[in-house]
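All of the numbers you see were taken from the coordinates with simple rules; none came from a lab. Since the structure is predicted, the reported quantities are computational estimates derived from the model, not experimental observations. With ideal geometry, Cβ positions are generated from the backbone for all residues, glycine too; neighbour counts draw on all protein chains shown.
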């Protein structure tokens, strides 16, 4: 499971927030992540009552989106391109995620425009929504990723 993810996206521990690809669809993907008690960020994020940082829940959604793009959208012509985040909109936190929780991460492609992939994402725990957001990813040539300046305006 983890090897499949490592072969798909460039993220690596300790900054990998997808454990399993649960389902790939034509319009999106569902992934899972279990937050372990020993995660590095819990030591400083409310140490007396550890709480998963919301920004890391967002990152899990972006990584699930990257999994979808690489597995379902990338062609021979774009093989090796890097999925890069270029927009975040309307992040709404609806619950908390704690050490030991397993979350389901669902992403759906809403629109593709000029090389930008506009998506929506949701993180849920035990069937209850913890986070919803909209975001955009672009596939950028690996050698250009470090110097790219792009705008996902629509």
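Candidates 123, 74: the one that is touching a helix residue (DSSP H, G or I) at 6+ places or on another chain (Cβ under 7 Å) and under 15 Å from residue 29 (Cα atoms) is 123.
A single entry from 84, 103, 107, 67 fulfils the requirement of being surrounded by 14 or more Cβ atoms within 10 Å (Cβ to Cβ), in a helix (DSSP H, G or I) and touching a strand residue (DSSP E or B) at 6+ places or on another chain (Cβ under 6 Å): 67.
Within the stretch 14-38, residues that are without any contact (Cβ under 8 Å) to a residue 40 or more places away in the chain and at negative phi reach partners that are part of a strand (DSSP E or B) and surrounded by fewer than 19 Cβ atoms within 10 Å (Cβ to Cβ) with beta carbons closer than 8 Å, at six or more positions or on different chains, in the pairs 19/32; 19/34; 20/32. Considering only residues that are out of contact with any helix residue (DSSP H, G or I) (no Cβ under 8 Å at 6 or more places or on another chain) and assigned to a helix (DSSP H, G or I), look in the stretch 3-25 and name the one that is nearest to residue 84 (Cα to Cα). Residue satisfying both the conditions and the ranking: 6.
Return a yes/no flag: does the stretch 90-101 have any residue that is more than 17 Å from the chain's Cα centre (by Cα), more than 14 Å from residue 27 (Cα to Cα) and without any contact (Cβ under 8 Å) to a residue 12 or more places away in the chain. No, the stretch 90-101 has no match at all.
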